[in-house]
Amino acid sequence: MTIDMSPAQAAFGALGEHCATCETCTAVNPDGSNANLSCATAERLYQLHADARRATSLAGSTAAGEPHS
């Protein structure tokens, strides 16, 4: 079964899949809390998601006849 996803949904899914399995993203401190390490791949995937959401938002505003801000 194929599920149609918007570019923003696909980018969010890719970000979630990456962060759930990446050693850097899932690293923990000795007390068990997330170490919040910087991950270049996660940052890139987040930016792709943000850009796709922004594009979707702008397209929706244009279609509704609202001005861009």
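The set of residues in segment 13-49 being under 25 Å from ALA59 (Cβ atoms) and without any contact (Cβ under 8 Å) to a residue 40 or more places away in the chain consists of GLY13, ALA14, LEU15, GLY16, GLU43, ARG44, LEU45, TYR46, GLN47, LEU48. Can you tell me which condition ILE3 does not meet? The list is (1) at pLDDT 95 or above; (2) surrounded by fewer than 10 Cβ atoms within 10 Å (Cβ to Cβ); (3) not in a helix (DSSP H, G or I), and all the others hold. Exception for ILE3: condition (1). For segment 51-61, the set of residues classified as surrounded by 13 or more Cβ atoms within 10 Å (Cβ to Cβ) and either under 14 Å from ALA14 (Cα atoms) or at pLDDT 80 or above (or both) consists of ASP51, ALA52, ARG53, ALA55, THR56, listed by residue number.
The values are calculated or read from the model by the stated rules, or taken from the named source; none is laboratory data. Note that the structure is a prediction, hence the values are computed from the model and not measured. Positions of Cβ are generated from backbone atoms using ideal geometry, with glycine treated the same way; all protein chains shown enter the neighbour counts.
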